[in-house]
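**Q** Before I ask anything, here is the structure I am working with.
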Ligand SMILES: [Ca+2]
C-alpha cells in the first residue's frame with residue numbers, strides 16, 4: 001500500500017529534503033507538487049522546486065505554482081534562514097522542465113477529485129494559502145481528502161514570534177480556514193521538528209551515501225546549520241518539513257495525539273498562535289492532532305534510505321520536454 005500525497009511547499013532547505021523523501025520512499029506516491037509564497041517569493045520557490053526535481057530525476061509528476069501572496073497579509077519571506085534565493089548554499093541545476101499551466105489551487109482540487117475519496121493526503125510544508133483557497137473553491141474536497149498532514153504551528157513553541165511558527169504566522173487566516181474546515185488535520189509543529197536535528201552523526205550518514213542528491217542535501221544542511229546557529233542559536237539545524245512526510249510514511253516515527261487546535265487571528269501579541277487544548281483527553285471525534293514525539297534514529301534512517309533509493313540519476317529530466325511530465329501524470333490519473 002502506498003500513500004498518495006500532494007506536496008504543497010515553498011522550497012526552502014527543509015522543503016527540498018521533504019521533496020526528496022517523498023520521491024525516494026517507496027511507500028509514497030507523489031501525485032503533484034504545488035508551490036506557495038513563503039520562505040521566498042513564488043517565482044523563486046517554484047524555480048527551486050523544479051531545480052530540486054531536476055537533480056533528483058523526478059519525472060511524471062506535475063508541478064504547479066500557486067498563491068503569490070497571503071490572503072490578507074503582506075508578503076513576509078524568510079531570507080534570514082533560507083537566503084536570497086530561498087535555497088542558498090548548493091549550486092542548483094537549471095530546471096529541465098516547467099511548471100504546468102494550471103494554478104496550484106486548481107491542480108490540488110483536480111487531483112483530489114480524480115482519486116477515490118479518502119485516498120489523497122495533502123502535505124503542506126509552507127503557508128496554508130493554497131490549501132485554504134482549495135477548500136473554499138471546491139468545498140467538496142474537504143470530505144474527500146484523507147488527511148491534511150502539515151508542517152507548521154506548535155503546541156508550546158514559536159519561532160516567528162514567541163508563540164507563532166512561521167508557516168502559520170505568514171498567513172494566519174488561511175491557517176484558520178484549514179484547521180476549522182472539518183477534515184482531519186495533523187499538525188507537525190515545532191514541538192516535534194525541533195527534535196529532528198541534523199547533528200554530526202546524521203551529517204556523516206548523509207555524506208556516506210555519496211551521490212549527487214546526497215551531496216546536495218549536505219550542502220543545504222551546511223547553509224541551514226549556519227543560519228540556524230546565527231539566528232536562533234541552534235547547535236544543529238532542525239529539519240522541519242520532512243517530518244510531515246515521515247508521519248505519512250510511518251506514524252510510529254512521528255507520533256501524534258488528538259487535541260483541539262484553533263488558530264489565533266486577532267491577538268495583539270499572539271496572532272498566528274496554534275492554540276492547543278491539552279487540559280484533558282481530547283473530546284470524541286476530535287479532528288485535529290498534534291505531533292509531539294519523534295523517533296530520531298528511525299526518522300533519519302528514512303531520509304538516508306530515500307537518498308540511497310534515489311541514487312545518482314544519470315540523466316535527470318533533461319530530456320523531458322516541458323509539459324510532458326504533466327501529460328504523463330494526466331494519463332496516470334485517467
Ligand atoms: Ca517550508
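The values are calculated or read from the model by the stated rules, or taken from the named source; none is laboratory data. Everything numeric here is computed off the predicted structure, so don't read it as measured data. Counting neighbours? That spans all protein chains shown, and the Cβs are built from the backbone with ideal geometry, glycine included.
**Q** Scanning the stretch 130-144 for residues that are buried (at least 24 other Cβ atoms within 10 Å of the Cβ) and more than 13 Å from the chain's Cα centre (by Cα), which turns out farthest from the ligand (Cβ to nearest atom)?
**A** 135
**Q** Further, regarding this structure: Filter the stretch 145-181 down to residues that are assigned to a helix (DSSP H, G or I) and touching a helix residue (DSSP H, G or I) at 6+ places or on another chain (Cβ under 7 Å) and give me whichever is nearest to the ligand (Cβ to nearest atom).
**A** Of all residues in the stretch 145-181, those assigned to a helix (DSSP H, G or I) come to 166-169, 172-180.
Now narrow it down to the ones that are touching a helix residue (DSSP H, G or I) at 6+ places or on another chain (Cβ under 7 Å): 168, 174-175, 177-178.
Working: 168: 12, 174: 14, 175: 14, 177: 19, 178: 15 Å.
Only one residue tops the list, namely 168.
**Q** Follow-up. Is it the case that the stretch 71-86 has a residue that's away from the ligand (no atom under 16 Å from the Cβ) and under 28 Å from residue 226 (Cβ atoms)? First the steps, then the outcome.
**A** Initially, the stretch 71-86 is screened for residues away from the ligand (no atom under 16 Å from the Cβ), giving 71-74, 84.
From what is left, the residues that are under 28 Å from residue 226 (Cβ atoms) are 74, 84.
Checking the stretch 71-86: at least one residue is away from the ligand (no atom under 16 Å from the Cβ) and under 28 Å from residue 226 (Cβ atoms).
**Q** How do the pairs read when you match residues in the stretch 222-236 that are farther than 20 Å from residue 201 by Cα with residues anywhere that are surrounded by fewer than 18 Cβ atoms within 10 Å (Cβ to Cβ), using Cβ under 7 Å and keeping only pairs 6 or more apart or on different chains?
**A** 231/80
**Q** A follow-up question, please. Could you say which residue among 122, 87, 20 is buried (at least 24 other Cβ atoms within 10 Å of the Cβ) and under 29 Å from residue 143 (Cβ atoms)?
**A** On the way: 87 fails: under 29 Å from residue 143 (Cβ atoms); 20 fails: under 29 Å from residue 143 (Cβ atoms).
On inspection, the qualifying residue turns out to be 122.
**Q** Hey, can you tell me all the residues within the stretch 282-334 that are at positive phi and at pLDDT 95 or above?
**A** Result: 285, 311.
**Q** Somewhere in the stretch 4-15, is a residue within 16 Å of the ligand (Cβ to nearest atom), at positive phi and in contact with a helix residue (DSSP H, G or I) (Cβ under 7 Å, 6 or more places away or on another chain)? Don't jump to the end; show me each part of the working.
**A** Taking the stretch 4-15 and keeping what is within 16 Å of the ligand (Cβ to nearest atom), we get 5-15.
Now narrow it down to the ones that are at positive phi: 12.
From what's left, in contact with a helix residue (DSSP H, G or I) (Cβ under 7 Å, 6 or more places away or on another chain): 12.
Yes, because at least one residue in the stretch 4-15 is within 16 Å of the ligand (Cβ to nearest atom), at positive phi and in contact with a helix residue (DSSP H, G or I) (Cβ under 7 Å, 6 or more places away or on another chain).
**Q** Let me ask something else about it. Restricting attention to the stretch 223-242, which residues are more than 14 Å from residue 16 (Cα to Cα) and assigned to a helix (DSSP H, G or I)?
**A** Matches in the stretch 223-242: 225, 226, 227, 228, 229, 230, 231, 232.
**Q** Report every pair of residues separated by at least 6 positions or lying on different chains whose Cβ atoms are under 8 Å apart, first residue within the stretch 277-297 and without any contact (Cβ under 8 Å) to a residue 60 or more places away in the chain, second assigned to a strand (DSSP E or B) and surrounded by 10 or more Cβ atoms within 10 Å (Cβ to Cβ).
**A** 277/261; 282/257; 282/258; 286/258; 295/254; 295/255
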